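A quick write-up on the structure given underneath.
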């Protein structure tokens, strides 16, 4: 298993897409967090600090796409055959990818959160506003964001394994986050808090009405990741690769 | 020594029967050519052998084991299925490094393989810039990585220039001589007829022929010998049809090159040339696969029209 995971990490390092996605994600985070400063939010308000840090969250789309490329990218390039030839027990391949990309999502989340933190510290210093980073709330928001990204990447790997077509996978993922879930949210009312993306956002622990508490949201989002992973393992072992 | 054994293999994709009760063996130390027109079921058969496609019924055993039950499959079987199956942004060397990792061999093997398939100079370029022939060489390097006893190659000559095909022939001949089992597919008999020892021909998923090239070409054998008259008599006595085509040349019908050679040896007649007519090999292949691409006959429309016309008088 160790070999398989390090092999997946080698594949990640030797292709360009992850680096491009990472650069794009960090740029988006810098822009989103700077936007709060520019829009004139009160930097002296402690709630603004958490809002700024949480603005690393919407960039999860890049992590989702990264996860999708893990398996669907191999189907597109045809390298999935060689991968399964080397490891005929396909569940081990998928498991290795889930773990490796979970780790990659963690790193992406960490770098995004640190970027958000950097902008926060810089803007407060420039404005001469006091910044209290020693509160629990600040750290739960940052840790929650990192966990959110790691689980998102795992879900991405699973989506790519289930649909195998990279275009269809990304299309479905974007349609879900941008359209389907928001529509369902307005239909479901209070129940809408339990939908995947919203339970994921709950991990960021930003005080908002109509969102689950952090721990509950985290458990729900992890449960979604688990269901997706099991589905991916099941369909992959039964599929004809031709 | 590992034999590849296809046993009553059947694969159905929805309503399409891709492989239909196919059985044959690829023995060690030989190159078996697996032939058939496009869509005959070759790739499905090879993918079933490699555990990528799940057979509807039947099985494929490699050295008595199913591929997916081999503990270190890449050390036993090397496969080339699709030469284009590479991540376009990766370099040739990185592609091999990725494969070396899962094969369980070190990076030093990568350099040796690059040398062996003559890609050392292009190793650090992205594979998106490789030609089809270079992709084939890279794919062969992957197949050879685990130093396997069995090689399964799908259309390995595709995209190679004549020099490349000659190189491939030499490589495969050498590997077979070491006792390895080699199974290569092609939709062109002419592409592999000088490489393979045995041929298996399928069409519409069913076995059409399984034997040596000499048996396939059974039909016309050309002989050159100083002892033409003596050989003609000997062959005629054994029931073969012999035509004298030149001062020292015979054409034997209804025989294989093996049979003619044996007769000559029995009669102690020296031969200067003994060949199976290539055209007859090609014709046999086309006949077996029911291909419509038979070289144009002088009046191609006449015979089908005659056989289907109700006005044709019954033979009597």
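Coordinate-derived values only; no laboratory data. Not measured: the values here are computed from a predicted model. Here Cβ is always computed from backbone atoms with ideal geometry, including for glycine, and neighbour counts include all displayed protein chains.
Could I have the simple spin-label model distance between residue B:224 and residue B:131, label points 7 Å from Cα toward Cβ, reported in nm to one decimal? According to this spin-label approximation, the distance is 3.3 nm. Angle between the Cα long axis of helix B:278-288 and the longest principal axis of chain B, 0 to 90 degrees, nearest 10? The angle comes out near 80 degrees. Run the paramagnetic zone check for residue B:279: 7 angstrom along Cα to Cβ, then residues of segment B:247-267 with backbone nitrogen under 20 Å. Taking a point 7 Å out along Cα→Cβ of residue B:279, the residues of segment B:247-267 whose backbone N falls under 20 Å are B:247-257.
Taking segment A:109-126 and a reference point 7 angstrom along Cα→Cβ of residue A:41, the backbone N atoms nearer than 17 Å belong to A:112-126. Placing a pseudo-label 7 Å from each Cα along the Cα-to-Cβ vector at residue B:178 and residue B:65 gives an inter-label distance of 1.9 nm. The alpha carbon gyration tensor of chain A gives principal lengths a ≥ b ≥ c with a/c of 1.5 or higher and a/b greater than b/c, which makes the shape prolate. A full extension of the chain between residue A:23 and residue A:216 corresponds to an added length of 66.3 nm, given 0.36 nm per residue minus the alpha carbon distance.
As a ratio to 2.2 N^0.38 Å, the alpha-carbon radius of gyration computed for the protein assembly as shown takes the value 1.32.
Shape class for segment A:94-141: oblate, because the ratio a/c of the largest to smallest gyration tensor axis (alpha-carbon atoms, square roots of eigenvalues) is 1.5 or more and b/c is at least a/b. Dividing the helix sum by the residues of chain B, where each DSSP H run of 4 or more adds -39500 (n - 2.57), gives a mean residue ellipticity at 222 nm of -10000 deg cm²/dmol. The angle between the Cα long axis of helix A:214-238 and the longest principal axis of the Cα atoms of chain A comes to about 10 degrees, rounded to the nearest 10. The value of relative contact order for chain B, using C-alpha pairs under 8 Å at least six residues apart, is 20 percent.
Applying 1/(1 + (r/R0)^6) with R0 = 30 Å to the Cβ-Cβ distance of residue A:3 and residue A:175 gives a FRET efficiency near 0.25.
Across segment B:218-276, the relative contact order, built from alpha-carbon pairs under 8 Å that are at least six residues apart, equals 51 percent.
Only helical runs count toward this figure. For chain A, summing -39,500 (n - 2.57) over DSSP H runs of n ≥ 4 and dividing by all residues gives -25500 deg cm²/dmol at 222 nm. Taking every alpha-carbon pair under 8 Å whose residues sit at least 6 apart, chain A reaches a relative contact order of 25 percent. Each of residue B:82 and residue A:188 was given a label point 7 Å from its Cα along the Cα-to-Cβ line. The distance between the two points is 3.6 nm. Whole-percent P(r), segment B:4-213, all Cα pairs, 10 Å bins from 0: 9, 35, 37, 17, 2.
Once the C-beta distance of residue B:12 and residue A:13 is scaled by a Förster radius of 35 Å, the resulting FRET efficiency is 0.25 to the nearest 0.05.
Extension gain for residue B:111-residue B:247 works out to 43.4 nm (0.36 nm per residue, less the C-alpha to C-alpha distance). I need the shape label for segment B:218-276. Rule: rounded when a/c is under 1.5, else prolate if a/b > b/c, else oblate, with a, b, c from the alpha carbon gyration tensor. Verdict is rounded for segment B:218-276.
Using bins of 5 Å that start at zero, the share of Cα-Cα pairs per bin across segment A:1-135 amounts to 2, 10, 18, 17, 13, 10, 9, 8, 6, 4, 2, 1, 0, in whole %.
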